[in-house]
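Enquirer: I'd like to ask some things about the structure below.
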Amino acid sequence: MPDKLACGILPALCTPFDDSGQQVAVERVPALVDALLKAEATGFFVCGGTGEGKSMTVPERKQMAEAAISAVSDAVPVILQVGATSTENAVELARHAATVGADAVASVAPIDQPNDLDAAVRHYTAIGAATDLPFYVYWLAQTADKNVTAEQYLEAMTDVPNFTGVKFTDTNFFMFQQLVDLSDRKLNMITGPDEMCVAGMVMGSDAAIGSTYNVLPRLFVQMRKDFESGDIHDSMEAQKHANRIIRLMFRAGGVLPSIKAMLGWCDIPVGPPREPFQPLTSEGEQILRHGLAHLEFEIG
């Protein structure tokens, strides 16, 4: 595993906006990155779903890429998600990523042709060929082609330049384990669902990328350490604790709005989420604050 770029726990970094949500607040990026590095994050995934890349313009995504890479300052790998836009824009973002010091790029399936492996391969090929950076597929359950086997998928990906690994955000861990096994563990395999992080470890993940790692980094870092040292019971307990908080976030009004609120409460302001997300209501904030205050375990 040491030769793989992504190992351990990588927060899907929130994009800080100003208080109006209209501008990327690059000056707010270093405080968030610094807090997560101090919590032993082993990398960052930038401008993905949690980073609200889909709601940002190409210039804004370039701004965030530059700010994140500067703040990280080569301490850990940075993977830039360049998809959720046209192939042309994704290629432009990939080339920009290479010029500003990203360690890798990733992309979701083409937004106008979901659930179509052939279309996805064309999209990935263009992005992979745009630079010499490692390329990761961002497999999302709602856009992946469910009509193919793991064997067919790997065969289709053979000619994608610089194909390095998969960020697998899906609950079909049988498919995930088959991709791990059939690739002879040569691919850098990363799980996505925060609420199934330990399950991903059991199925052979090298790393995990997640939203709640922005506010629960120590919990997930310790979960991974416990698993790797053979303390499976402790890692399972950590997952149970994480899931209680995730359940609370859903009750309060959603995971991303809750994360952004919690970061603000920790004096790391990141502004509100953009549409289609909405900030927590006052009632949601009350639910979240009350629930966090009455947990029987420490989260930080």
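The values are calculated or read from the model by the stated rules, or taken from the named source; none is laboratory data. Just so you know, these numbers come straight off a predicted model, no measurement behind them. Note that we place each Cβ from the backbone using ideal geometry, even for glycine, and neighbour counts take in every protein chain shown. Remember, those area values only see protein heavy atoms, side chains included, never the ligands or the DNA or RNA. Shrake-Rupley method; radii C 1.70, N 1.55, O 1.52, S 1.80 Å.
Enquirer: Please give the per residue accessible area of the stretch 92-236, computed with a probe of 1.4 Å over protein heavy atoms only, in Å².
Expert: So the stretch 92-236 comes to 41 Å² accessible per residue, rounded to a whole number.
Enquirer: Also, I was wondering about something else. Pull up all non-local amide H partners of Gly210: gap of 5 or more, or a different chain, and H-to-H distance under 5 Å with H placed in the peptide plane.
Expert: The list, which skips near neighbours in sequence, is Leu10, Ala12.
Enquirer: Taking a probe of 1.4 Å, how large is the accessible area per residue of the stretch 257-300, in Å²? Don't skip to the answer; put the middle values down first.
Expert: Values: 2640 Å² over 44 residues.
I get 60 Å² per residue for this part.
Enquirer: Let me ask something else. What percent does the relative contact order of the chain come to when contacts are Cα pairs within less than 8 Å and at least six residues apart?
Expert: Over the chain, the number comes to 19 percent.
Enquirer: Taking a ≥ b ≥ c as the square roots of the eigenvalues of the Cα gyration tensor of the chain, is the shape rounded (a/c under 1.5), prolate (a/b larger than b/c) or oblate?
Expert: Here the chain falls in the oblate category.
Enquirer: Considering only the other residues whose Cβ falls under 13 Å of the Cβ of Val198, what net charge follows from Lys and Arg at +1 and Asp and Glu at -1?
Expert: Net charge in that neighbourhood comes out at -4.
Enquirer: I'd like the antiparallel share, as a percent to the nearest 5, of DSSP beta bridges with both residues in the chain.
Expert: Close to 5 percent.
Enquirer: For His290, His96, what's the largest-to-smallest order of accessible area, 1.4 Å probe?
Expert: His290, His96
Enquirer: If the cut-off is a Cα-Cα distance under 28 Å, which lysines reach Lys260, setting aside same-chain residues fewer than 8 apart in sequence?
Expert: Excluding near neighbours in sequence, the set is Lys38, Lys54, Lys62, Lys167, Lys225, Lys240.
Enquirer: Is the shape of the stretch 1-41 best called rounded, prolate or oblate, per the rule: a/c under 1.5 gives rounded, else a/b larger than b/c gives prolate, else oblate, with a ≥ b ≥ c the square roots of the Cα gyration tensor eigenvalues?
Expert: The shape class here is prolate.
Enquirer: Ranked by accessible surface with a 1.4 Å probe, highest first, in what order do Arg122, Arg218 come? Walk me through the numbers on the way to the answer.
Expert: Values: Arg122 145, Arg218 115 Å².
From most exposed to least exposed: Arg122, Arg218.
Enquirer: What whole-number distance in Å separates the alpha-carbon centres of the stretch 217-257 and the stretch 92-109?
Expert: That distance is 30 Å.
Enquirer: If you don't mind, another one. When the helix-only estimate is applied to the chain (DSSP H runs of n ≥ 4, each -39,500 (n - 2.57), divided by the residue count), what is the mean residue ellipticity at 222 nm, nearest 500 deg cm²/dmol?
Expert: Helix contribution divided over all residues of the chain: -13500 deg cm²/dmol.
Enquirer: On to the next question. Would you work out if the stretch 55-132 is rounded, prolate or oblate? Take a ≥ b ≥ c from the square roots of the eigenvalues of the alpha-carbon gyration tensor; rounded if a/c is under 1.5, else prolate when a/b is larger than b/c, oblate otherwise.
Expert: prolate
Enquirer: May I pose another question? Quick one: net charge of Glu92's neighbours, Cβ under 12 Å, K/R +1, D/E -1?
Expert: Once positives and negatives cancel, what remains is +2.
Enquirer: Considering only the other residues whose Cβ falls under 12 Å of the Cβ of Val270, what net charge follows from Lys and Arg at +1 and Asp and Glu at -1?
Expert: Value of the local net charge: -2.
Enquirer: Further, regarding this structure: Summarise the accessible area of the chain (1.4 Å probe, protein heavy atoms) by the percent that is carbon and sulfur.
Expert: Carbon plus sulfur share of accessible area: 51 percent.
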